[in-house]
1. What is the gain in length, in nm to one decimal, between C266 and V67 on full extension, counting 0.36 nm per residue of separation less the C-alpha to C-alpha distance?
2. Would you report the distance distribution of C-alpha pairs in the range 217-325 as whole percents per 10 angstrom bin, up to the bin with the largest distance?
3. In square angstrom, rounded to the nearest 10, how much accessible surface does Y495 have for a 1.4 Å probe?
4. Return the lysines within reach of K449: Cα separation strictly under 29 angstrom, same-chain partners fewer than 8 residues apart disregarded; answer none if there are no such residues.
5. Could I have the simple spin-label model distance between D224 and E520, label points 7 Å from Cα toward Cβ, reported in nm to one decimal?
6. Taking 8 Å as the Cα distance limit and 6 or more residues as the minimum spacing, I'd like the relative contact order of the chain as a percentage.
7. Which lysines have a Cα less than 27 Å from the Cα of K318, not counting those fewer than 8 places away in the same chain?
8. Assuming 0.36 nm per residue, please report the length gained on full extension of the stretch L416 to S307 beyond their Cα-Cα distance.
Amino acid sequence: MSERSVIERHFSRRLQVTMVGEGLLIGAVVGVIITLYRMGLSGAEGLLRRLVPLLRTNVALCLGWFVILVLAAIAVTRLVMTEPDTRGSGIPQIDAEVVGRLDMRWPRVIVCKFAEGLICTISGLSLGREGPSVQLGGMAGKAVSRLFGKDRAEEHLLVTCGAAAGMSAAFHAPLTGVLFALEEIHREFNAPLIISAMAATAMADFVTSHVLGVQPVLHFDLVDALPHIDYALVLLMGIVCGMVGAAHNRGMFMAQETLFARLRKCLGEHALVVPFLVSGVVALMVPELLCGGDAILAYLEAHRQLSVSVVLGLLVGKYLFTSLCFGSGAPGGTLLPLVIMGSLVGALFGLGTIGAGGVPFSYLNNFILLGVAGLFAASVRAPVTAVVLCFELTGSLEHLLAVTAVSLVAFVTANLLKVDPFYEHLFNRLLERHPLPDEGRYEPSEHKKLLHTHVVGVGSLVEGKTVADVAWPHNTLVVTIERAGQRVIPRGDTYLQALDELLVIMDADGEPQTQEILHELCGGRT
């Protein structure tokens, strides 16, 4: 495809209509997949919950269950060996797919990830469904892209739309899905991406809610907003969440990179059996810690029964068990356990303030919600997504100020502690195992051209320079510059300003290398 035809297509009004249609199609496909996935996980967890009381009273059944757990671990290990890209939550893999560093085999990823999720859930591992839902959604987007023969740039966009739809269907939160895709995965804001992602998330949520109901996965009933006089507590809670979020990330990374790195030297590919066996012990001792954490939410809803010691025990136990399961590389997400831990942090903080006599008991749910926002913002470093998630969980704007405040303070606190953002760290570790490919790796593309947008960051290497002064990658050209709503045709003496949106055309061959260089040139310095 010639440069002219690629550029004309980008600015065509029909493109936006087409992207909406493709987003709706992806949303429908993702909605069906995630609905089936959630129904399967709910059935598996329900079966496990009915089985647990029997394990405590029947020794033979208990021993047989541990044998089944070993077999389940072997089955998951074989599935992961069959498709290594299903290891872990799946969100870093989608990040790598979008930037061109992975080319996952979507049929195998969908089948293996689906099966692995069911096995891990019925085994009781402390893993969530959101990460796998994002990966399943992204691969559904890739399937649609391949069906219509899209080029790489559009395929990456459709993968992002599918990932957003997966998050939306997992949480019943379409706006959260859009913002998570923009803030965490694609990291580019452009009209085709936004409108197609919105269409995909809305359709996915429609399909899922039609079958499973419109009630959010997590729902908090709040009596009233915290009075402004108590906002000192909100800021203090933001600091606490920032510290807990940093500790959460550091411990998760150590479990993955230290503990299980040593276990794999001893046990090899069978190291995954460890969390499965521990899950059996947890089922006998503290079954509330099993799976994502629905049992803990049910406990928190029974406000009058809350005990500081029990809440603290659940928080520590959930963290240790989740770290063990995540560190093993078991295929499953950490977002739902993270949200559950955030609610426990909020409950502890709320019980402390209530015990000190400064806050009425009716505000406990407010602190639980603030804990969710604060820990999410501190760990993932996506404060905007955290705020929108809490809005969609409550359906109320009255609490927006407090949620925003705690998210910002937690975000800043975690940054000051110099601990990597959760998914960014996992993404960088994944890239270390998948270095930039040689340009010769790709099959000849008949000189296909791709378009990408890059925003000039504040303090970036290109800010304040003329177009001619920048050492652009080979075979790239800045086509237009969007500046304050105006389209500028660049010349050699055109100065680049912060927040300029550059539309860059490049060869399809060598796209990953080119994108890496452009991100380095345009990325802001903090």
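1. So the extension gain works out to 69.5 nm.
2. So the P(r) values, bin by bin, are 11, 31, 35, 16, 6, 1.
3. 130 Å²
4. Here the lysines satisfying the reach criterion relative to K449 are K142, K150, K465.
5. 5.7 nm
6. Dividing the mean separation by the residue count of the chain yields 18 percent.
7. Straight-distance partners of K318: K113, K265, K418.
8. 36.0 nm
The values are calculated or read from the model by the stated rules, or taken from the named source; none is laboratory data. What you are looking at is a predicted structure, and each value in this text was computed from that prediction instead of being measured. When we count neighbours, we look across all protein chains shown, and the Cβ atoms used for this are built from the backbone with ideal geometry, even at glycine. Side chains included, ligands, DNA and RNA excluded: accessible areas come from the protein's heavy atoms. Shrake-Rupley method; radii C 1.70, N 1.55, O 1.52, S 1.80 Å.
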